[in-house]
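Just so you know, all these numbers are worked out from the coordinates, no wet-lab data involved. This structure is a prediction, so every number in the text was calculated from the model and none was measured. In this analysis, Cβ positions are derived from the backbone assuming ideal geometry, glycine residues included, and neighbour counts consider all displayed protein chains.
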Amino acid sequence: MPVPWFLLSLALGRSPVVLSLERLVGPQDATHCSPGLSCRLWDSDILCLPGDIVPAPGPVLAPTHLQTELVLRCQKETDCDLCLRVAVHLAVHASLQAQVVLSFQAYPTARCVLLEVQVPAALVQFGQSVGSVVYDCFEAALGSEVRIWSYTQPRYEKELNHTQQLPALPWLNVSADGDNVHLVLNVSEEQHFGLSLYWNQVQGPPKPRWHKNLTGPQIITLNHTDLVPCLCIQVWPLEPDSVRTNICPFREDPRAHQNLWQAARLQLLTLQSWLLDAPCSLPAEAALCWRAPGGDPCQPLVPPLSWENVTVDVNSSEKLQLQECLWADSLGPLKDDVLLLETRGPQDNRSLCALEPSGCTSLPSKASTRAARLGEYLLQDLQSGQCLQLWDDDLGALWACPMDKYIHKRWALVWLACLLFAAALSLILLLKKDHAKAAARGRAALLLYSADDSGFERLVGALASALCQLPLRVAVDLWSRRELSAQGPVAWFHAQRRQTLQEGGVVVLLFSPGAVALCSEWLQDGVSGPGAHGPHDAFRASLSCVLPDFLQGRAPGSYVGACFDRLLHPDAVPALFRTVPVFTLPSQLPDFLGALQQPRAPRSGRLQERAEQVSRALQPALDSYFHPPGTPAPGRGVGPGAGPGAGDGT
């Protein structure tokens, strides 16, 4: 679409030089050449396929220089397109006739035209210029960057190339605001236009990054981390055949160059090739290096190897920009391996050396370095295939050989002695620590009872609280009602019993008339009979796990029994459960507390004092249970051996 003349004037300025641009009338492309030459333009564009360079069969006519000039192609006096005229200077390097290709690229447009040129024999002077051919013209957008290549078809020499930046329109500006960059488009409110961001590529097509249709005016904000030198902007009105304006404003921006190196990555493609991947083309130098674990900086390989194939340092502007180990995925993290460098000479002569901080130590060697001392073993590993080949070509190879096994062999006896000593010392300390820890924490005790009534539950709670004041860790279902409801009585008791016995604890069976009745039912029928017991009665659920321990003789040492004076006589407890001690409380508190101690713990002289302490804590609950307010007698017996004086025979 033709660009209005006032926009061209704003972009190009009003100097006489600019306003005197040559104007071409009409839409057709054309070509003309120097006097004496004959040339013609093919009717249509051709495919842009340069092909490979081929040997010249004799003298050929070849491009030697490219020259460009801005001209205007106008449909009307004030409606013109900016156009780029290209002049190709020619010299005879071989034939008197040539087909010259002009390749034009300005994102997103690419064109190739074919010019056929002939030189009269009288003008032929080998190696001398014979004139030029001019092409009118390649249309280009204001602000765009254009690239032009010229070569013959077939191609006998490397193509010529030329890059030119066209002036930009004044309504597209770039401004910075802290870490952000603003694209300011000062167009009218009614103007609809397209905006595209892309990465301009030296080779291959541009890579689109972002596109949007907008209505002016607009301010587009970019984060500074998105900037790279090849990030370009393209703007065009949303009209048929509109001319697109391109600018690349970040080529010299230091932040853009820093972001480019941060985004660059080295990738291992095959054993002998790697790729430097980055958003933009990078002029850089690469060098081989190696680094020991914890070593810094990376040291050059001596003797040097071809840098095209191995892990590299990448430098730009004499500054290290990127350093990566390309074999990290196959080798894993850095470790104490030895790099063996094999160099190959004529007649299959080869030599091996081990890379060390002091240089490359020849193998075998009598030097005092670590690699020299282990040289014989390293060579054996290399021959037996235990080393990993990192790189190989006609000049040499690079191998990674494990070093850890030799270090282990050398220090095996020393480490074995140290480990044995440390193990013995640790065992002694662990035993002492466990003993002290067990003594400090106290023995675990699981208290099981039958919930005969609410008064008996309060009595059990008082006993459990009193035992907690001693070095005992007491578990009782009264304090775990939520867990009991969630897990169920059988699962809860089974878990508590297993944990208590695994920790060397003790299970306390607190017998009452209701408990004796439940035990008798289990022993007679093998199942628990129905009864008015609450949903949290773990004693009923526990019998299925407790009875096997007694029937199989595992109970002694892990179980004790107890009952309260005046509530139940010990003889009322079923005979099976009397295979473990059964104590009456509080009359036999000292013996009861002694049975709750660790099996091999010495009898404490404070046992009587602790028994008195528990008795004092338990007495108010006993008085409340056996002499409730307003009643002259306990009247609590409900089972065998119960009633007044049931515990008098102790």
Based on the Cβ-Cβ distance of GLN386 and LEU123, what FRET efficiency does E = 1/(1 + (r/R0)^6) give at R0 = 56 Å, to the nearest 0.05? 0.20
So for R0 = 56 Å, FRET eff. of GLN191-GLN323 from the Cβ-Cβ r, to 0.05, ends up at 0.70
For ARG373 and ARG40, what is the calculated FRET efficiency with R₀ set at 60 Å and r taken between the beta-carbons, to the nearest 0.05? 0.15
For the range 128-195, which GluC sites (Glu not before Pro) are in a loop by DSSP, counting at most 12 other Cβ atoms within 10 Å? GLU189, GLU190
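Hey, got a sec? Which chymotrypsin sites (Phe, Trp or Tyr not before Pro) in the range 147-247 land in a DSSP loop and have at most 12 other Cβ atoms within 10 Å?
Numbers: sites: TRP149, TYR151, TYR156, TRP171, PHE193, TYR198, TRP199, TRP210; in loops: TYR156, TRP171.
Passing sites in the range 147-247 do not exist.
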Can you compute the modelled spin-label distance between VAL25 and CYS545, with each label point 7 Å from Cα toward Cβ, in nm? 10.9
Taking the square root of 5 times each eigenvalue of the Cα gyration tensor, what semi-axes in Å does the equivalent ellipsoid of the range 112-261 have, largest first? 39, 20, 12
